[in-house]
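S.K.: I have a structure I would like to understand better, so I am pasting it below and will then ask my questions one at a time.
The values are calculated or read from the model by the stated rules, or taken from the named source; none is laboratory data. Only a predicted model underlies this, so the values are computations on that prediction, with no experimental measurement involved. Cβ sites come from the backbone with ideal geometry, for glycine too, and all protein chains shown count toward neighbours.
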Amino acid sequence: MSRLSATSTFLDRVATAPISWGVCEVPGWGHQLSPDRVLAEMSSLGFTKTELGSTGWLPENTAELRSILARHDMSLLAAFIPLVLHDPEQADRTRAEAVATAELLADSGARYFNTAPVTSTDWQPRRPVTGAEWAHLYQMIAEIGKICAEHNLLQVIHEHVGCVVETADEVQAVIDNTDAALVVDTGHLAIGGCDPVELVKHHADRVGLVHLKDTDLAVAARLNDKQLTLMEAVQEGLFTPLGRGDLDVAGLITSLEDGGYDGWYVIEQDCAITGDLPAEGEGPIRDVETSVDFLKALATSL
């Protein structure tokens, strides 16, 4: 049972992610804290599971990965996997990447494979995707799903700012044309024009994993108007501690729990550490602690 709760509640299914501590491979994102510091702070807040984080931040050798996680009484839940799914010419490369990543996740004890359909491996800006490319993307989602199933993983499709699947219409297209489960990322859904609460009410059977982000919609509007890049928006506080932004996070969790959802939630409030490096026990951990307190208070009312 999770250390977050003394009694059995949805808190038993709450994990976190390194990006909540500002860990991101994008150049100029902010200070990058060490794995030992971040994992120790995660554990101190009561977490037992984390997502993998940016490429290379944690070891990619299974034994080394399990060792560093175990040192902090942590284990692996999932990983964000950017894959090019719409381009037939890259299909073989994409399959190979999926197999290699699935093997790492399965050998490390993870449960979820978070597929993020990107425009290119180097995150080129979004462009119009043709009907034929969409058809290929749906086919590749099915193929990656089979690869995941062979490794006892659940593929979940992660809508995301800057990815091929970003807007409400694109999320609906994935729902209509595949049988894949979704990452319900409250922040990215809201930025893309999709109400997360309405999504889970109408498509509860497609919810595979939930990423909990509260969001400052005024900053989101500037992002959508191209006044800010995603990195700049995050640095300006796009994603707030739970309960401090404009989203109905409590309503979403209540709807899911009342509907029998038994999957995991991940506190994944992307942040960036700019300015001075915070002392140990300070900085992002305080925002995550605020989010944990919000969820603990919610748990008492469910």
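S.K.: Tell me, please, whether a residue that is closer than 20 Å to Leu52 by Cα, at pLDDT 95 or above and part of a loop (DSSP other than H, G, I, E, B) can be found in region 279-297.
M.R.: no
S.K.: Residue under question is Leu252, and the condition is that it be in contact with a helix residue (DSSP H, G or I) (Cβ under 6 Å, 6 or more places away or on another chain), of a type in the set (A, V, I, L, M), closer than 27 Å to Asp176 by Cβ and assigned to a loop (DSSP other than H, G, I, E, B); does it hold? I'd like the intermediate steps shown before the answer.
M.R.: On the way: in contact with a helix residue (DSSP H, G or I) (Cβ under 6 Å, 6 or more places away or on another chain): yes; of a type in the set (A, V, I, L, M): yes; closer than 27 Å to Asp176 by Cβ: yes; assigned to a loop (DSSP other than H, G, I, E, B): no.
No; evaluated as a whole, the condition is false for this residue.
S.K.: Considering every residue within region 183-196, establish whether at least one is in contact with a Gly (Cβ under 8 Å, 6 or more places away or on another chain), surrounded by fewer than 22 Cβ atoms within 10 Å (Cβ to Cβ) and not basic (Lys, Arg).
M.R.: For region 183-196, residues in contact with a Gly (Cβ under 8 Å, 6 or more places away or on another chain), surrounded by fewer than 22 Cβ atoms within 10 Å (Cβ to Cβ) and not basic (Lys, Arg): absent.
S.K.: Looking only at region 266-286, which residues are under 21 Å from Ala220 (Cβ atoms) and crowded, with 20+ Cβ neighbours inside 10 Å?
M.R.: Val266, Ile267, Glu268, Gln269, Asp270, Cys271, Ala272, Pro284
S.K.: Hey, another quick one. Filter region 10-51 down to the residues that are surrounded by 21 or more Cβ atoms within 10 Å (Cβ to Cβ), small (Gly, Ala, Ser) and over 12 Å from Ala272 (Cβ atoms) and list them by number.
M.R.: Correct list: Ala15, Ala17.
S.K.: Follow-up. Looking at region 110-127, I want the residues that are more than 18 Å from Tyr138 (Cβ to Cβ) and modelled with pLDDT of 90 or more and have a partner that is aromatic (Phe, Trp, Tyr) and part of a loop (DSSP other than H, G, I, E, B) with Cβ atoms under 8 Å, at least 6 apart or on another chain. Which pairs are those?
M.R.: Between residues of region 110-127 that are more than 18 Å from Tyr138 (Cβ to Cβ) and modelled with pLDDT of 90 or more and residues that are aromatic (Phe, Trp, Tyr) and part of a loop (DSSP other than H, G, I, E, B), the close pairs are Arg111/Trp264; Tyr112/Trp264.
S.K.: So which of Asp87, Asp73 ends up being surrounded by fewer than 20 Cβ atoms within 10 Å (Cβ to Cβ), within 23 Å of Tyr265 (Cα to Cα) and out of contact with any Lys or Arg (no Cβ under 7 Å at 6 or more places or on another chain)?
M.R.: Working: Asp87 fails: within 23 Å of Tyr265 (Cα to Cα).
None of the other options fit; the residue is Asp73.
S.K.: Filter region 46-73 for residues that are charged (D, E, K, R) and in a helix (DSSP H, G or I); which is farthest from Gly263 (Cα to Cα)? Walk me through how you get there before you give the answer.
M.R.: So the first thing to find is which residues in region 46-73 are charged (D, E, K, R), and the list is 49, 51, 60, 64, 66, 71, 73.
Now narrow it down to the ones that are in a helix (DSSP H, G or I): 64, 66, 71.
Numbers: Glu64: 27, Arg66: 22, Arg71: 26 Å.
Among them, the one singled out is Glu64.
S.K.: Mind telling me which of the residues Ala221, Ala173, Ala180 ends up being surrounded by fewer than 20 Cβ atoms within 10 Å (Cβ to Cβ), under 28 Å from Leu153 (Cα atoms) and among the small types (Gly, Ala, Ser)? Outline the logic, then answer.
M.R.: Working: Ala221 fails: under 28 Å from Leu153 (Cα atoms); Ala180 fails: surrounded by fewer than 20 Cβ atoms within 10 Å (Cβ to Cβ).
Exactly one residue qualifies, and that residue is Ala173.
S.K.: Quick check on this structure: which one of Leu76, Leu85 is assigned to a loop (DSSP other than H, G, I, E, B), touching a helix residue (DSSP H, G or I) at 6+ places or on another chain (Cβ under 8 Å) and closer than 17 Å to Val156 by Cα?
M.R.: Working: Leu76 fails: assigned to a loop (DSSP other than H, G, I, E, B).
Of the residues listed, the single one that is assigned to a loop (DSSP other than H, G, I, E, B), touching a helix residue (DSSP H, G or I) at 6+ places or on another chain (Cβ under 8 Å) and closer than 17 Å to Val156 by Cα is Leu85.
S.K.: Considering region 45-102 alone, what residues qualify as being within 16 Å of the chain's Cα centre (by Cα), among the β-branched types (Val, Ile, Thr) and farther than 20 Å from Pro117 by Cα?
M.R.: Correct list: Thr50 only.
S.K.: Is there a residue in region 40-60 that is of a type in the set (D, E, K, R) and farther than 30 Å from Ser255 by Cβ? Before the answer, list the steps.
M.R.: Of region 40-60, the ones of a type in the set (D, E, K, R) are 41, 49, 51, 60.
From what's left, farther than 30 Å from Ser255 by Cβ: 41, 60.
Scanning region 40-60, I find at least one residue that is of a type in the set (D, E, K, R) and farther than 30 Å from Ser255 by Cβ, so the answer is yes.
S.K.: Here are the criteria: (1) over 22 Å from Gly283 (Cβ atoms); (2) out of contact with any helix residue (DSSP H, G or I) (no Cβ under 6 Å at 6 or more places or on another chain); (3) in a helix (DSSP H, G or I). Tell me which single one Met42 does not satisfy.
M.R.: All conditions are met except number (1).
S.K.: Tell me, which residue of region 27-58 that is among the hydroxyl-bearing types (Ser, Thr, Tyr) and modelled with pLDDT of 95 or more is nearest to Asp12 (Cα to Cα)?
M.R.: Residues of region 27-58 that are among the hydroxyl-bearing types (Ser, Thr, Tyr), as a first pass: 34, 43-44, 48, 50, 54-55.
Restricting the remaining residues to those that are modelled with pLDDT of 95 or more gives 34, 43-44, 48, 50.
On the way: Ser34: 26, Ser43: 14, Ser44: 16, Thr48: 9, Thr50: 13 Å.
This residue is Thr48.
S.K.: Considering only region 217-239, I want to know if a residue exists there that is within 20 Å of Glu41 (Cβ to Cβ) and either in contact (Cβ under 8 Å) with a residue 24 or more places away in the chain or among the hydroxyl-bearing types (Ser, Thr, Tyr) (or both).
M.R.: Yes, region 217-239 has at least one match.
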